[in-house]
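Take a look at the structure below.
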Amino acid sequence: MSVPPWLSDLFWTYQNVVVSLGVNGLLALSMYVVLAAGQLSLGQAAFMGLGAYASALLTLRLHAPFWAVLPAAMLVPVAFALLVGGPTLRLAGVYLAIATIGLGEVLRAVYLNVDALGGALGLSGIPEAAPLWLIYALLAAALLVFWRIGRSRVGRAMEAMRSDETAALAMGVNVRRYRLATLVASAALAGLAGALSAHSTDFIGPNDYGFEPAVSILSFALLGGIGSPIAPVVGAVVLTLLPELMRGFAELRLILNGVVIVLAVLFLPRGLVAWRMRRRAA
Amino acid sequence: MTLLALRGLSRRYAGLTAVDRVDLDVPAQGVHAVIGPNGAGKTTLFNLISGLVAPSAGTIALDGRDVTRLAADARARLGLARTFQAVRLFADMTVLENALTGLHPRLRSSLAAIVLRTRGFRREERNAVARARDALAMVGLERRGGERAAALSYGEARRLEIARAMAGAPRLLLLDEPAAGLNPAETVTLGTLVRSIVDAGTTVLLVEHDMKFVMGLSDSVTVLNFGRRIFHGTPAEARADPAVIEAYLGAKVAARLQGSAHA
Ligand SMILES: Nc1ncnc2c1ncn2[C@@H]1O[C@H](COP(=O)(O)OP(=O)(O)OP(=O)(O)O)[C@@H](O)[C@H]1O
Ligand SMILES: [Mg+2]
């Protein structure tokens, strides 16, 4: 019995989109957690790439089991987040954005030029070990965790420092600690998404985690909003499905992202899901 | 007992000394006013005390503990609260959530307890909401808890700022021109509010231009001029002090007043 090619085509297309939806949902949450604390990171793709490369190398070179690969895929970007975040978080606002863009570009050059990391050819033959259910279970867990944290003193402190950092300090919010903690959480989540996507696609390359995906991830949250953790995930769903609906215009993806960012900033300052969650649990 | 002790506290900006070797002892009760003409350094003094601005020289002790090197948030956790000359609320958050942020240092539930919504965490949140509502009731905003802070009128916003600062029951509350922009009736209500804050055991350090308000409320008055402390004493003494009159009215008017008094 053989499957007709069109059916198999459909299945693989569908499969890719379903994986992308879950992975992009996780990436959107990794963006959300930094934005929610009033910071701008453009390093989400870099953190994702670190997770992807770390996990792929562990799998390919050391034949590590998948369950052991995932924590490593979170720890490696966390180490880089501490490295970049530690010094820049003392400084205000835009320095983190600049430093994280820099991180992405430096890492791309490293992947490209170090043969042990696959060089320009990237890494191929990665087993498709990430089960679909796991991707969605992790997305649901991340949503739940952020939802609950949002409705506590931590969520209030984050919104307070985003709204007025000086007033938040005067209320006793340890702004620097919150900045670092949210960046670390964000890096861990992006690294996890990177490992899951690398283990769903069989191939990763140095150009998969550059500036363009960084902007895409930012646009998930800009389009969806950050009034609740659901909002950026909605943004990711829309921006993942939109290009699929406009197949044949794949080259327009970057333009589409740019247009979405501009329109969202101009006309939807609170995003598609403008609703703001309540910040208390009682 | 001295709650706040400033020694030789100074803050220099390029070409100007905003606060100049100020010594001050604030006892652990009552209302203590800091007055002075525009630009005298009152807000800078508050920023130094609360840790938002670093001193160029001098020390700050809170409750006998040197806090000069402590960050603003750490000082807040020691029971130091403040309001701002230009109101700084968390605009998108609700009135109740604003008051709840004032309790931030008092809430101890771990991240794990929050994520698992343990019984202890829920109890702590319930207590926090009750205390935040009490703080709102104290300033007459108990019915507005669910509204966005940005929806409040100017006078209400000023009162919410006080409620937010008071929610955590601080030891010392710094009020930077709380009566500015209030109508006479609101100013009277504010006076009653400050009294009740003091009665509840919080010491108040007050910067204010409304002299009637200051004189009627304060146990002591400190006068700054060009960053320097030129007077410290009771309100009655302040009113009679030539240096204070001069700082407020200018040398010429002061001389004339004294001249006419002698004539
Ligand atoms: N960040 C700063 N940089 C430079 N100069 C400053 C700064 N902050 C305050 N100053 C100056 O320090 C002096 C004291 O300012 P401050 O705001 O403390 O006065 P104030 O007594 O609160 O006045 P007001 O009654 O008008 O509120 C002013 O001359 C002001 O211009
Ligand atoms: Mg001032």
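The values are calculated or read from the model by the stated rules, or taken from the named source; none is laboratory data. Keep in mind that what you see is a predicted model, and the values were worked out from it rather than measured. For neighbour counting, all protein chains shown are included, and Cβ atoms are generated from backbone atoms with ideal geometry for every residue, glycine included. Only protein heavy atoms, including side chains, enter the accessible area calculation; ligands, DNA and RNA are left aside. Shrake-Rupley method; radii C 1.70, N 1.55, O 1.52, S 1.80 Å.
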(message) Any residue that is within 19 Å of B:GLU177 (Cβ to Cβ), free of Cβ contacts under 8 Å to residues at least 40 places away in the same chain, within 16 Å of ligand 1 (Cβ to nearest atom) and crowded, with 18+ Cβ neighbours inside 10 Å - is there at least one of those in the stretch B:38-47?
(response) yes
(request) May I ask you to verify whether B:THR94 is more than 17 Å from the chain's Cα centre (by Cα), open to solvent by 10 Å² or more (accessible area, probe 1.4 Å) and more than 16 Å from ligand 1 (Cβ to nearest atom)? (result) yes
(message) Pairs please, first residue from the stretch B:191-216 and of a type outside the set (S, T, N, Q), second anywhere and within 16 Å of ligand 2 (Cβ to nearest atom) and assigned to a helix (DSSP H, G or I), Cβ atoms under 6 Å, 6+ apart in sequence or on different chains.
(response) B:VAL207/B:LYS42; B:GLU208/B:VAL214
(request) Go through the stretch A:162-184 and give me each residue that's more than 9 Å from chain B (Cβ to nearest Cβ) and buried (at least 24 other Cβ atoms within 10 Å of the Cβ). (result) A:THR182, A:LEU183
(request) Give the residue that is farthest from B:VAL26 (Cα to Cα), with candidates limited to residues of the stretch B:210-231 that are within 14 Å of ligand 1 (Cβ to nearest atom) and in contact with a His (Cβ under 8 Å, 6 or more places away or on another chain). (result) B:VAL223
(request) Return only the number of the condition from (1) more than 13 Å from the chain's Cα centre (by Cα); (2) among the hydroxyl-bearing types (Ser, Thr, Tyr); (3) within 14 Å of chain A (Cβ to nearest Cβ) that B:THR43 does not satisfy. (result) (1)
(request) List every residue pair whose Cβ atoms sit under 6 Å apart, with the two residues 6 or more apart in sequence or on different chains, where the first one lies in the stretch A:240-265 and is at pLDDT 80 or above and the second, anywhere, is surrounded by 15 or more Cβ atoms within 10 Å (Cβ to Cβ). (result) A:THR240/A:SER20; A:THR240/A:LEU21; A:THR240/A:ASN24; A:ALA264/A:LEU222; A:ALA264/A:LEU223
(message) Regarding the stretch B:125-137, can at least one residue be identified that is at pLDDT 95 or above, over 24 Å from the mean Cα position of the chain (by Cα) and surrounded by 15 or more Cβ atoms within 10 Å (Cβ to Cβ)?
(response) yes
(message) Here is a check on your reading of the model: is A:ARG108 crowded, with 18+ Cβ neighbours inside 10 Å, in contact with a helix residue (DSSP H, G or I) (Cβ under 8 Å, 6 or more places away or on another chain) and over 28 Å from B:ARG77 (Cα atoms)?
(response) yes
(request) Working only within the stretch B:79-109, note down all residues that are more than 9 Å from chain A (Cβ to nearest Cβ), in contact (Cβ under 8 Å) with a residue 40 or more places away in the chain and of a type in the set (A, V, I, L, M, F, W, C). (result) B:VAL87, B:VAL95, B:ALA99
(message) Residues to consider are B:LEU190, B:LEU174; find the one that is within 18 Å of B:ARG82 (Cβ to Cβ), within 14 Å of ligand 2 (Cβ to nearest atom) and open to solvent by less than 20 Å² (accessible area, probe 1.4 Å).
(response) B:LEU174
(message) Against the definition (hydroxyl-bearing (Ser, Thr, Tyr), more than 16 Å from ligand 1 (Cβ to nearest atom), open to solvent by less than 20 Å² (accessible area, probe 1.4 Å) and free of Cβ contacts under 8 Å to residues at least 60 places away in the same chain), how does B:THR59 come out, yes or no?
(response) no
(message) Can you tell me which residue is surrounded by the fewest Cβ atoms within 10 Å (Cβ to Cβ) among those in the stretch B:10-37 that are under 18 Å from the mean Cα position of the chain (by Cα) and within 16 Å of ligand 2 (Cβ to nearest atom)?
(response) B:PRO37
(request) Kindly indicate whether B:GLY140 is more than 9 Å from every other protein chain (Cβ to nearest Cβ), open to solvent by less than 70 Å² (accessible area, probe 1.4 Å) and away from ligand 2 (no atom under 16 Å from the Cβ). (result) yes
(request) Starting from residues that are at the interface with another protein chain (Cβ under 9 Å from one of its Cβ atoms) and more than 16 Å from ligand 1 (Cβ to nearest atom), keep the ones in the stretch B:62-77 and report whichever is most open to solvent (accessible area, probe 1.4 Å). (result) B:ARG77
(message) Going by what's in this entry, would B:ARG88 be described as of a type in the set (Lys, Arg) and within 16 Å of ligand 2 (Cβ to nearest atom)?
(response) yes
